[in-house]
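Step one of this worksheet: look at the structure below.
The values are calculated or read from the model by the stated rules, or taken from the named source; none is laboratory data. Keep in mind it's a predicted model, so treat the numbers as computed, not measured. Glycine also receives a Cβ, built like all others from the backbone with ideal geometry; neighbour counts cover every protein chain displayed.
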Amino acid sequence: MKPACLPLILSCIALSGCGSDSGQSGAPPKSEAATLIHSPPVKQLTAQQLRSLSMACEKYPADKSAREPYDAAYCEEAMAAWADAPLQIVPIKKE
């Protein structure tokens, strides 16, 4: 029984991934674009949400594909939608 143990142990070590790349997953690394915020759709946002998102996007400089945590195209769409939104006119009562 003992002579069979050594080949069994060696094959288990080889199969367990004790090589130079052990511990690395086979999955490709996540791209930056996958982690950027680009939801909910701009068309589903209320006027207040559009305003907040536009103000948040304006805090960050325009980069190639991102405005810090937000997707650049998402920010541009939100800011354009907010710019096109009708003004909220509140009547002021004179006393």
Q. Are any of the residues in region 27-45 of a type in the set (A, V, I, L, M, F, W, C), surrounded by 12 or more Cβ atoms within 10 Å (Cβ to Cβ), at pLDDT 85 or above and touching a strand residue (DSSP E or B) at 6+ places or on another chain (Cβ under 8 Å)?
A. no
Q: Scan region 62-95 for residues that are of a type outside the set (Gly, Ala, Ser) and assigned to a helix (DSSP H, G or I) and report the count.
A: 7
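This table checks each residue for (1) in contact (Cβ under 8 Å) with a residue 12 or more places away in the chain; (2) surrounded by fewer than 12 Cβ atoms within 10 Å (Cβ to Cβ); (3) over 20 Å from residue 39 (Cβ atoms).
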| position | (1), (2), (3) |
| --- | --- |
| 53 | yes, no, no |
| 57 | yes, no, no |
| 63 | no, yes, no |
| 68 | no, no, no |
| 74 | yes, no, no |
| 79 | yes, no, no |
| 86 | no, yes, yes |
| 91 | no, yes, yes |
| 94 | no, yes, yes |
